[in-house]
Amino acid sequence: MDLKLIIQVSYLLASILFIVGIKMLGKTATARRGNILSAVAMLIAVLATLLDSQVLSFTEIFITILIGSAVGTYAAQKIKMTQMPEMVGILNGFGGASSVLVAISEYWKQAHNSGLTMDAIVAVTVVLSVIIGSITFTGSMVAFGKLRGLINGHAIVFKGQHLINAMILLIILVLSVLVVINPNIEVWMMGILFLGLLLGVLVVIPIGGADMPVVISLLNSYSGVAACTTGFVLNNQVLIIAGALVGTSGIILTQIMCKAMNRSLANVLMGGFGQTVGTSSTSGEDIVVKDIGVEETAMLFDSASSVIIVPGYGMAVAQAQHVVRELTDLLEKKNISVKFAIHPVAGRMPGHMNVLLAEANIPYDKLIEMDDINDEFANTDIALIIGANDVVNPAAHTNPQSPIFGMPVLNVDNARTVIVCKRSMNAGYAGIENELFGYPNCLMLFGDAKSTMAKVVGELKEL
Amino acid sequence: MNAETLIILLYVLVLASFVGFELIAKVPPTLHTPLMSGSNAISGITIVGAIVAAGPAGLPVSKILGIAALFLATLNVVGGYAVTDRMLRMFKKKK
């Protein structure tokens, strides 16, 4: 039988399964099966590739796959749900790095072995693959470092940053043209690789922590595009199809995240947000806040009939999701309705809060999107804000001078009482005062989210 | 590669991108993280290229690069699918 045909048909089957899998991944009821289906597609593609006549060194391949799988499975089981953004970040980087290595390997083989001629089209695709893959790799690594706290999570900006980036990109383009004209000079290719790696670092360091949902989505998209270009290098359709699916899903998530922050993608990528907006904080100096203790908080909850909880990154940092769930159970036992209001950019990656609350066993139909819950605050007794700040800042509606003016926010101030659980009066990521804290219906419950909520739960039990 | 092959590959790219946009545009926010980590695992499809690159006998430079690519791609694929599955197992509706 013709092995080539078997391989091609297997790739076709894998492509179909990838498409069906990602379609099923889009619905909560079928998502898990969708993921498994796409894993099956991957397995089929891998097995088919092993039939390739160029593949001879099975021992090395199996050992490598075995070690990789063991490490991957171990990491996937060990990782805490609060660390999901960094996990996605680093895996993304590995995907990008792999694309680069495949492209360079193919380049090396062609430029050396086959009589020193390289097709112009192939050269273009190799160059594209190296550029996109290397930016994905180092960009993801920097994002990982920021999320993990290895690198300062704030925006790192310096003078002439954009100019330097533009210069590097220009040099990369010049080198690319040179490589396409004369592919046999490896130094040029290595130059592209090195500058691509450098550019990946430089484009992500000016982007601050709370913009990470955008960056992670975008890098995810890049890793797909990198796989796609590798598909062009190898003339392999399954790489192109799978890469395109990932590329578009990343782009869509990026758009959703940008819209949720009312900022353009260009604005996010230029970075430095929150560093240059000191002017607007002057108006907020006279905010007078009202403190509340855990006992009073428990009493307020006891007399309420409806509560909406607004979680933010602070809840993830404090690992407070489990105690929040205890609070939810307790309130529901007292016949108090509890819902969660989820802002699209709460946390450090798209859907971050949903994952954390799911981990704590809170059913997902309790988590309500911003647009669907915003009108409900007016009929709600207590809005409890845990570790969120900018996403509940009414200045987005009221203060045209505010840097977040126009950003869609949760209208928590419409609730009868707003309780904000927060470590200190420090400003949020955007570096702006939150006038909500001075509102007459707003009470501040200072302290670490986890221990404070635990105390509230304790008080509630005694009531 | 000739221009004809390139055009066919471009057709594949364009059509797959449209399919991607159609499929993913309406994903609910609850699934954003699993979608991201799941699609992240799919981007590890470079594993196919890595296997071919790691394929030849002996130990030329291109093969060493291929082995390295294979290791990273395997991490990406296996880690990505495993962590996505772990997440999706937690998503429950109200009993």
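Which residue, of A:LEU3, A:LEU66, A:LEU43, is free of Cβ contacts under 8 Å to residues at least 12 places away in the same chain, among the hydrophobic types (A, V, I, L, M, F, W, C) and more than 9 Å from chain B (Cβ to nearest Cβ)?
Just a single option satisfies the conditions, and that option is A:LEU43.
Looking at A:LEU218, A:LEU234, which is the one that is touching a helix residue (DSSP H, G or I) at 6+ places or on another chain (Cβ under 8 Å) and under 29 Å from B:ALA3 (Cβ atoms)?
A:LEU234
Any idea which of A:ILE192, A:ILE207 is under 23 Å from A:TYR313 (Cα atoms) and aliphatic (A, V, I, L, M)?
A:ILE207
Give the residue, chosen from A:GLY93, A:GLY139, that is in contact (Cβ under 8 Å) with a residue 12 or more places away in the chain and either within 9 Å of chain B (Cβ to nearest Cβ) or more than 19 Å from the chain's Cα centre (by Cα) (or both).
A:GLY93
Among the listed residues B:LEU15, B:LEU75, identify the single one that is surrounded by fewer than 23 Cβ atoms within 10 Å (Cβ to Cβ) and assigned to a helix (DSSP H, G or I). Give the steps one after another, and end with the answer.
Working: B:LEU75 fails: surrounded by fewer than 23 Cβ atoms within 10 Å (Cβ to Cβ).
Just one listed residue meets the conditions, B:LEU15.
With (1) in contact with a Phe, Trp or Tyr (Cβ under 7 Å, 6 or more places away or on another chain); (2) within 11 Å of chain B (Cβ to nearest Cβ); (3) buried (at least 24 other Cβ atoms within 10 Å of the Cβ) as the list, and A:GLN237 as the residue in question, which single condition is left unmet?
Evaluating A:GLN237 over (1) in contact with a Phe, Trp or Tyr (Cβ under 7 Å, 6 or more places away or on another chain); (2) within 11 Å of chain B (Cβ to nearest Cβ); (3) buried (at least 24 other Cβ atoms within 10 Å of the Cβ) leaves (3) as the failure.
For every residue, the table says whether it meets (1) surrounded by fewer than 24 Cβ atoms within 10 Å (Cβ to Cβ); (2) closer than 30 Å to A:ASN92 by Cα.
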site	(1), (2)
A:VAL323	yes, no
A:ARG348	no, yes
A:ALA388	no, yes
A:ASN393	no, no
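Does A:ILE240 count as touching a Cys at 6+ places or on another chain (Cβ under 7 Å), of a type outside the set (Asp, Glu) and under 28 Å from B:ASN2 (Cα atoms)?
So A:ILE240 fits the description; yes.
Looking at this structure, is A:LEU13 of a type outside the set (Lys, Arg) and out of contact with any helix residue (DSSP H, G or I) (no Cβ under 8 Å at 6 or more places or on another chain)?
Considered against the rule, which asks whether it is of a type outside the set (Lys, Arg) and out of contact with any helix residue (DSSP H, G or I) (no Cβ under 8 Å at 6 or more places or on another chain), A:LEU13 comes out as no.
Say whether the condition of being crowded, with 24+ Cβ neighbours inside 10 Å, under 30 Å from A:VAL9 (Cα atoms) and assigned by TED's automatic domain parsing to the domain that holds A:SER134 is met by at least one residue in segment A:256-270.
Looking through segment A:256-270, none of the residues is crowded, with 24+ Cβ neighbours inside 10 Å, under 30 Å from A:VAL9 (Cα atoms) and assigned by TED's automatic domain parsing to the domain that holds A:SER134.
Which condition breaks for A:VAL457 when tested against (1) in a helix (DSSP H, G or I); (2) touching a Gly at 6+ places or on another chain (Cβ under 8 Å)?
Unmet condition: (2).
Can you name the residue in segment A:347-357 that is farther than 15 Å from A:VAL391 by Cα and touching a residue at least 24 places away in the same chain (Cβ under 8 Å) and is also nearest to the other protein chains (Cβ to nearest Cβ) among such residues?
Only one residue fits best here, namely A:VAL355.
Can you confirm whether segment A:128-148 contains a residue that is in a loop (DSSP other than H, G, I, E, B) and either in contact with a Phe, Trp or Tyr (Cβ under 8 Å, 6 or more places away or on another chain) or within 21 Å of A:SER221 (Cβ to Cβ) (or both)?
no
Conditions (1) touching a strand residue (DSSP E or B) at 6+ places or on another chain (Cβ under 6 Å); (2) facing chain A (nearest Cβ under 7 Å); (3) of a type in the set (Lys, Arg), marked per residue:
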position	(1), (2), (3)
B:THR5	no, yes, no
B:TYR11	no, no, no
B:SER17	no, yes, no
B:PRO29	yes, yes, no
B:ILE51	no, yes, no
B:ALA73	no, yes, no
B:VAL77	no, yes, no
B:TYR81	no, yes, no
B:THR84	no, yes, no
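State whether the residues of segment A:58-68 include one that is touching a Phe, Trp or Tyr at 6+ places or on another chain (Cβ under 6 Å), among the β-branched types (Val, Ile, Thr) and closer than 27 Å to B:ILE7 by Cβ.
Going through segment A:58-68, the residues touching a Phe, Trp or Tyr at 6+ places or on another chain (Cβ under 6 Å) turn out to be A:64, A:68.
Those left that are additionally among the β-branched types (Val, Ile, Thr): A:64.
Narrowing the set further to residues that are closer than 27 Å to B:ILE7 by Cβ leaves none.
Within segment A:58-68, none of the residues are touching a Phe, Trp or Tyr at 6+ places or on another chain (Cβ under 6 Å), among the β-branched types (Val, Ile, Thr) and closer than 27 Å to B:ILE7 by Cβ.
Among the residues of segment A:142-159, is any of a type in the set (Lys, Arg) and buried (at least 23 other Cβ atoms within 10 Å of the Cβ)?
Yes, there is a match, as at least one residue in segment A:142-159 is of a type in the set (Lys, Arg) and buried (at least 23 other Cβ atoms within 10 Å of the Cβ).
Check whether at least one residue in segment A:47-62 is more than 24 Å from B:LEU31 (Cβ to Cβ) and of a type in the set (D, E, K, R), and report yes or no. Write out each step before concluding.
First pass over segment A:47-62, keeping only residues more than 24 Å from B:LEU31 (Cβ to Cβ): A:47-62.
Checking the rest, the ones that are also of a type in the set (D, E, K, R) come to A:52, A:60.
The answer is yes; a qualifying residue exists.
The values are calculated or read from the model by the stated rules, or taken from the named source; none is laboratory data. Just so it is clear, the structure is predicted and the values come from calculations on it, not from any experiment. Every residue, glycine among them, receives a Cβ derived from its backbone with ideal geometry; neighbour counts consider all protein chains shown.
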